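See structure below.
Bear in mind these aren't lab numbers, they're just calculated from the coordinates by the rules spelled out. Note that the coordinates shown come from a computational prediction; the quantities given were computed from them, not determined experimentally. Cβ coordinates were reconstructed from backbone atoms using ideal geometry, including for glycine residues, and neighbour counts include every protein chain displayed.
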Amino acid sequence: MHAKRIFWKLYPSYLIVTLLSLTAVYVISSTAINRFFEQQIEKNLTEQAWLIKEQVTAPMVTREIETLSRSADTLSANSSARITLIFPDGIVAGDSDKASSEMGNHRDRPEIKDALAGHVGQSLRYSNTLKKNMMYVAVPVWVEGRVIGVVRTSMPMTDMDQLIDSVQHRITFGGLIILFLAAVLSLIVSRRISRPLERIKEGAKRFADGDFSCRLHTIGSTEITSLAETMNQMAEQLEDRLQTVIKEKNQREAVLSSMVEGVLAVDTDGHIISLNKAAARFFQVIQPETAKGRSIEEVFRNVKLQKFIGSVLKGQETLECELTVQHNEIYHLQTRGTNLLGVQGKRIGAVVVFNDVSRLRRLENLRSDFVANVSHELKTPITSIKGFIETLLDGAMNDPVEADRFLKIVAKHADRLNAIIDDLLMLSRLEQGGKEEMEMQQAGLAGLMSSAVEVCAHRAEKKEITIQVECPDNLSANVNPPLIEQALINLIGNAVKYSAEGKTVTVRADREPDGINLSVTDQGYGIASEHLERLFERFYRVDKGRSRQEGGTGLGLAIVKHIAQAHGGTVSVKSTFGKGSTFSVFLPAS
Ligand code: ADP
C-alpha cells in the first residue's frame, strides 16, 4: 500500500481536532446559554406568579370572574408576562391576552395538572392560542389546605430564541476565524515537522543509491538533529566499509585473474559464483564477465567437467582428475575440486582449480620419444658391430683380407657411435647452459666462416663442390666463437652432404637493421615443404638412408637451433625441392 506523506497525516489530524473542539464548544455553549435563559425566565415567571397569587386569592374563593379578568389585565400591564387565572375545574377565570370566554378548558395542560396537584407546574411548548413557543409556569392557590385555583404566568420564547441565535452567530463567526487561524497554524507546524523529515528521507535515498558525498543538515529539533547526526555517521561508516569491501574485492579479483591456474567456484545448484581468466581461456568461455549466475551446463560445454563438479558437490572430500580440452590448443588440466564452506562451516558450493600440465605432458612425451630415438640410433651401429665381431670370432679373423674389411666396418660404426654421443653431449651442454653462462666475445665473422669452411673443405673437394664465402671484412658480433663455428660447420657440412657433385655452396654474413644474418645456400637436392616444419627436431631426417650413408646423426640441425637460441637468435630454412636450400641463423644485435 502506498504510505501517505507525514504532512498529510499531521495536517488533516490537526484540522479534525480543531473542528471537533470548535463543534464541541459550539454545542456546549449553545446548550448552556439556552438552559441559562430558560432558568432565568422560569424563575421570573414563578416569582411573578407567586406575587399575583396573593392578589387574586380573595376573588378566586368567591369565583368573581369579572374581577379576576380585570385583575389579569391590570397585573399584566405592569409585567412582561401573560397572566391566566384558572379555576380548579379548568375553566379560565381571566387572561391578559384573550377573553376568558374564548379560551377552552385548561385542566389538561401539563403545568395546570401539576399545579392542581399542589406543585409548581412548568411547561415549554407551542401555544395553539397565540401560535408561538411559550414558557408556562403555574402555581396553586391554597385556601384552608385546598387548591382553589391556579395562577399561570407565561412568556413567549421568541425574544430568547432571537437572543440565542445572535449569540450563536457570534460563536460561529468566532469559531470560523479560530478555524482559519488553526488551519494556517497547523499548516506551518505540519510543514515544520515534515520538512526536516523529508530532507532526511531524501538524504537516506541518496545514501541508498550509493552517494555518500552528501551530508544531512543537523538543524531542527533535538530528535531530528540526533537522527540526522546518526544517519551521517552511518553514511560515513557505510562508505568506509564499502570502500574496504570494494578494495578487497578488487584485490581478490586481481589475484584470481593473474593466477596461472584456472579457478571456478559454483554454488550448490551448480550456478557460477566466480570464474577467472585462466579458467575461461582453458574452456574457451566467450564472455566470462557474463558467466556469473549462469549454470555450468550453459557455460562449460564439457560433460566430464560437469560430472566432476556434480561429484564434488555430492561428496565431502577433495576430488582430483585430469581433463583434456581441445580447441585451438590441447590443454591437459590437472583438476582439483573441493567443497566451498560458508561462515558457519555449511557447504555453499564447490571450488575447482585447474592446473595446466600441458607443457609437462609435452615434455614427458618428448623425453620418451627422445629416449626411444636415442636407443634406436645407438642400436643400429651396436648391432652391426656385434654382428661383425661375431663373424670375425667365427673364423673370419683367419682371413686377413676379410678381417681387415670387417674391422674397418666395425671402426666406422664405432666412429658413428662416437659422433652420436658427441652430438648428444653437445646438445645436453647447450640445453643446460644459457646465454649468461656462455663466454661471449666480440669476434670477426669472416674469420669464423673461413675456419668452418676449412673444416669442410676436404669433403667438398672430394665432391668437387665449391664453397664461396661472402662477408664484409669488418663485420663482427658478440658471440661464443666455437659455438658459431660449430653451427656453420653443421650447415656447410649438410650443404655439401646433400648436394650433387660439382655444385656451389655459398656462405654469407649480412648486416641487418636489428642484427646479423648468417646463411648457407646450396644447389642441392632441396627439401619438400612438408618436412620443413619439423626439420630442426632431434633425429628428424628427410632421407634416412642418405643421412646414414653420409654419416649423419640426425642431430646437426637441432644443435644449430640450440646454438642460435643460446645467442638469443633464431633459425630458419627456405628450400625448393630439387633446386636447393638456404639455412639461416639470425643473431640479434643486443
Ligand atoms: P643429419 O646428420 O642427418 O644431416 P641434420 O640434423 O643435420 O641431420 O639434418 C636433418 C635432416 O635434414 C637431414 O637428414 C637431411 O635429410 C635434411 N637436410 C639437412 N640439411 C640439408 C640440405 N642442405 N639439403 C637437403 N636436406 C638437408
Taking 22 Å as R0, compute the FRET efficiency from the Cβ-Cβ separation of residue 510 and residue 429 and round it to 0.05. 0.15
Can you give me the C-alpha center-to-center distance between the stretch 398-457 and the stretch 500-545, rounded to a whole angstrom? 19 Å
Too long at a 22 Å Cα-Cα cut-off: which of 379/412; 98/132; 247/346; 503/574; 247/292; 53/98? 247/346
Is the stretch 447-491 best put as rounded, prolate or oblate by its Cα gyration tensor, with a ≥ b ≥ c the root eigenvalues, rounded for a/c under 1.5, and otherwise prolate when a/b is larger than b/c, oblate when not? oblate
Treat the count of other C-beta atoms within 10 Å as a stand-in for reagent exposure and order 471, 321, 456, 214 from fewest to most. 214, 321, 471, 456
Top positive-direction residue, dipole computed over the stretch 425-500 with Cβ charges, set 495, 477, 426: 495
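Kindly rank 77-88, 119-130 from highest to lowest mean number of other beta carbons found within 10 Å of each residue.
Highest mean packing first, the order is 77-88, 119-130.
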Assigned charges on the beta-carbon of Lys, Arg, Asp, Glu; the chain dipole about Cα centre (debye): 1240 debye
Which of rounded, prolate or oblate describes the stretch 467-511 when judged by the alpha-carbon gyration tensor and an a/c cut-off of 1.5? oblate
Calculate the tail of P(r) for the stretch 224-280: the fraction of all Cα-Cα distances greater than 18 Å, expressed in %. 57 percent
If you take the square roots of the eigenvalues of the alpha-carbon gyration tensor of the stretch 48-124 and sort them as a ≥ b ≥ c, do you get rounded (a/c under 1.5), prolate (a/b over b/c) or oblate? rounded
Other-chain or far-sequence residues with amide H under 5 Å of residue 93's (modelled H): 85, 86, 87
Over all pairs of distinct alpha carbons, what does the Kirkwood formula give as the hydrodynamic radius of the chain, in Å? 38.6 Å
What whole number of Å gives the distance from the Cα centroid of the stretch 112-162 to the Cα centroid of the stretch 3-75? 16 Å
In the stretch 410-512, if every C-alpha pair distance is counted and binned at 10 Å from zero, what percent goes to each bin? 14, 36, 35, 14, 1
What list of ³J(HN,Hα) couplings, whole Hz, do you get for the stretch 467-472 from phi and the Karplus terms 6.51, -1.76, 1.60, once you set θ to phi - 60° and write x for glycine and proline? 10, 9, 10, 10, 8, x
Rel. contact order, % - alpha carbon contacts under 8 angstrom, at least six apart, the chain: 7 percent
